[in-house]
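Here's the structure we're looking at; comments come further down.
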Amino acid sequence: MKIVVCIKQVPRRDDLLRINADKTWVDEASLSFEANESDTYALEEALRLKEKHGGEVVVATLGAADASKTIKEALAKGADRAIHMCDAPLVGLDAVATARSLAAAIGPESPDLIFTGLQSDDLGYGQTGVLLAEMLGLPHASIVIALETSEDGATVRAKRELENGWFQWVSMKTPALLTIQSGINKPRYASLKGIMGAKKKPVDMKTASDLGLGADALTSREAIGTLYIPVREKQTEMLEGDADTVAAALVSRLRDNGII
Amino acid sequence: MANGVLIYAEIRGGELTNATWESIAAGQALAAALGTTAKAVMIGNGLADHAAKVATKDLAEVLTIEHEKLAMYTPDGFAAAMVEAIRDADPEWVVFSHSYQVRDFAPRVAARLDRALIGDVIKLKVENGQVTLVRQIFQGKINADVTCRTDAPRMISFQSGAYRTDAAKDGSASVRSIATEVGSVDIRWTAEERFKEVKGAIDLSAAPRIVSVGRGIKSDENLGLVRDLAEALDAEVAASRPICDNGWLPMDRQIGSSGQTVTPQLYVAVGISGAIQHVVGMKNSGTIVAINKDKEAPIFDLADFGVVGDLFEVVPAIIKKLKE
Ligand SMILES: Cc1cc2nc3c(=O)[nH]c(=O)nc-3n(C[C@H](O)[C@H](O)[C@H](O)COP(=O)(O)OP(=O)(O)OC[C@H]3O[C@@H](n4cnc5c(N)ncnc54)[C@H](O)[C@@H]3O)c2cc1C
């Protein structure tokens with residue numbers, strides 16, 4: 001079974017975000033980066049299927065040169081090789097143009113399964129996987145929280161998360177694309193042996209022209225203008241001081257208002 | 001010439017969703033700002049009753065696409081039908097709610113029409129006919145003004161709560177069924193019935209007080225701190241998603257769009273950032289207390305009382321004070 005996993009590198013969730021001077025993006029110089037959370041679950045699911053069915057796990061990443069760190073980590077965890085699309089026209093695109101680029105790279109691989117995380121923690125489009133399925137002519141299931149594969153790998157049965165605690169199982173033939181929800185498994189850590197081995201695994205660097213992507217395909221249909229910190233609408237009473245002071249203030253507010 | 005706004009009215013589990021009324025309010029507001037009118041479209045089978053309800057709103061028309069292949073939701077069937085609706089209505093804008101169903105099929109519609117779907121929008125600004133949409137990025141920590149660069153149809157999905165359900169204006173619309181070719185569409189899914197996980201599930205919806213813990217707790221070994229706080233407040237313990245993903249607390253303690261919706265008198269969010277998927281499950285709580293070390297955390301936008309500080313110092317102090 002050949003599985004492609006799309007992995008995006010995003011700013012670390014605990015890093016302090018600062019908007020850049022021209023208010024078009026965050027100041028990346030002060031940030032550290034990691035794999036998008038749901039993508040790590042997607043990778044783990046792919047590695048488990050490889051352990052069950054044999055085959056190959058290929059990582060596909062769109063992102064600047066320093067995304068190689070996240071790619072290395074995926075290879076260290078057990079992915080076999082990677083495709084890294086990192087030249088300038090392929091970075092910072094909207095969901096449609098990103099999916100188009102991924103489709104150009106992944107299509108020729110003819111994988112049995114494609115996994116993406118369900119949504120990125122930075123731009124949060126939540127569309128790339130479904131767009132990619134459409135562009136490659138594949139069926140898909142989104143927000144997948146459990147997965148079963150038939151012995152021969154010809155069909156998958158996926159448990160989808162619906163709103164308010166509802167779920168649904170859906171089945172489809174492979175090749176197919178699944179967008180993976182966090183919590184589907186417990187992602188592994190890379191072993192020391194894996195980290196050593198990752199150095200020798202192939203990373204195929206692709207440019208827009210390698211992929212035959214012209215200006216139109218790479219034009220974002222959605223334009224991000226100004227970024228700003230949201231203005232608080234609610235009158236929140238902020239309690240300040242050392243721990244004992246705020247604790248006393250909070251407990252007396254709750255008592256005074258008859259809440260406790 | 002493309003004209004007007006087309007609103008998707010969603011049926012889930014045989015019922016019109018609450019978010020549908022929010023979408024209608026959003027679509028009406030957009031149409032008013034552009035000096036045009038809005039229509040709604042519904043997809044399914046046996047839609048007459050639902051269509052009659054939607055037709056009580058101020059809409060130019062309610063379109064229905066019905067077929068036995070649409071009786072149960074599938075992305076193949078619904079994407080095909082939605083494309084037909086858009087061809088029929090030829091709208092300038094298409095408005096969805098950012099529901100899990102829409103997330104599942106609307107990107108396919110966007111790809112087929114080679115258009116953008118501007119997703120999870122919280123606000124609409126229209127100036128001289130120019131539409132700017134506000135999206136949250138970085139899980140609600142930053143807002144971005146976004147514009148659509150393409151010709152019609154331009155598509156938007158609105159975040160839950162962006163518009164109030166009761167803001168949908170009343171009126172009276174006619175209902176028109178449009179012809180569909182869905183019969184010839186290859187539906188590549190076999191869908192089973194929807195279900196809820198019932199085994200031993202705990203119902204937090206009636207809890208008067210809830211202490212909810214997020215990733216700020218760092219490790220399951222620290223959960224005792226939150227349990228102690230809950231005990232001192234006579235509260236139930238709940239959590240954000242990462243805590244349940246890690247198996248530190250069972251899934252049925254998860255609050256949010258995929259978990260439970262609660263409205264306790266007191267909700268104490270400990271080390272929770274306040275991502276929208278969490279917030280939809282608790283925003284209608286009576287009094288909200290947030291304890292977070294990041295003063296910009298979106299949860300403070302919701303809180304009645306906010307404490308910026310390290311939970312490992314603040315929570316023990318609160319417990320001590322409660323016991324005095
Ligand atoms: C389709 C979908 C469905 C989802 N469903 C849900 C759902 O039902 N419920 C849900 O909760 N989420 C859900 N999520 C996930 C959601 O988007 C967020 O990722 C999640 O809510 C974040 O949880 P958190 O706030 O605990 O973690 P984080 O966002 O990582 O926040 C941790 C917070 O802890 C603070 N902190 C850290 N250390 C300390 C300290 N020592 N003292 C004080 N504060 C500290 C940090 O400042 C930060 O604000 C869903 C996502 C998607 C895409």
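Arrange the following residues from fewest to most other Cβ atoms within 10 Å of their Cβ: A:125, B:100, A:189, A:228.
Least to most surrounded, the residues fall as A:189, A:228, B:100, A:125.
Hey, what angle do you get for helix B:18-34 against the long axis of chain B, alpha-carbon based, 0 to 90 degrees rounded to 10?
60 degrees
How much net charge surrounds residue B:212 when only other residues with a Cβ under 10 Å from its Cβ are counted (Lys, Arg +1; Asp, Glu -1)?
Its environment carries a net charge of 0.
Residue farthest toward the positive end of the dipole of the protein assembly as shown, with Cβ of Lys/Arg at +1 and Asp/Glu at -1: which of B:106, B:177, B:229?
Projecting each Cα onto the dipole axis, the largest value belongs to B:229.
Under a 10 Å cutoff between Cα atoms, tell me which one of A:89, A:230, A:187 has the largest fluctuation in the Gaussian network model of chain A.
A:230
Gaussian network model of chain A, Cα springs within a sub-10 Å range: biggest mean-square fluctuation belongs to which of A:153, A:183, A:165?
Greatest mean-square fluctuation among the candidates belongs to A:165.
Rounded if a/c is under 1.5, else prolate if a/b beats b/c, else oblate: with a ≥ b ≥ c from the C-alpha gyration tensor eigenvalues square-rooted, which is the range B:204-323?
In terms of gyration-tensor shape, rounded.
What is the dipole size for the range B:5-184, taken about its Cα centre, with +1 at each Lys and Arg Cβ and -1 at each Asp and Glu Cβ, in debye to the nearest 20?
In debye, rounded to 20, the range B:5-184 gives about 500.
Across the residues of B:188-197, average count of Cβ atoms on other protein chains within 10 Å?
Going residue by residue through B:188-197 and averaging, the value is 6.
Let me know the Rg and Dmax you get for the protein assembly as shown when you use only its Cα atoms, in Å.
23.9, 72
Arranged by the count of other C-beta atoms within 10 angstrom, fewest first, what order do B:241, B:188 take?
B:188, B:241
With just the Cα atoms defining each centre, how far is the range A:84-106 from the range A:217-248? Give it in Å.
Answer, in whole Å: 30.
Based on the Cα gyration tensor of chain B, what are the three equivalent ellipsoid semi-axes, each the root of five times an eigenvalue, rounded to whole Å and given largest first?
Calculated on Cα positions only, the semi-axes equal 41, 22, 17 Å.
Roughly how crowded by other chains is peptide A:132-139, in terms of the mean Cβ count from those chains within 10 Å of each of its Cβ atoms?
That average works out to 3.
Where the only charges are on Cβ atoms (+1 Lys, Arg; -1 Asp, Glu), what is the dipole of chain B about its Cα centre, to the nearest 20 debye?
500 debye
Give the order of B:305, A:115 when sorted by the count of other beta carbons within 10 angstrom, beginning with the fewest.
Result, fewest neighbours first: B:305, A:115.
In nm, give the distance between the simple-model label positions of residue B:186 and residue B:221, each being 7 Å from the Cα along the Cα-to-Cβ direction.
Going from the residue B:186 label point to the residue B:221 one covers 5.5 nm.
Counting partner chain Cβ atoms within 10 Å of every residue's Cβ in B:65-74, what's the average?
That average works out to 1.
Based on Cβ point charges of +1 for Lys and Arg and -1 for Asp and Glu, what charge dipole magnitude is obtained for the protein assembly as shown about its Cα centre, in debye rounded to the nearest 20?
Rounded to the nearest 20 debye, it is 620 debye.
Coordinate-derived values only; no laboratory data. Just so we're clear, the structure is a prediction, and the values are computed from it rather than from any experiment. A quick note on method: Cβ atoms are made from the backbone with ideal geometry, for glycine too, and the neighbour counts reach across all protein chains shown.
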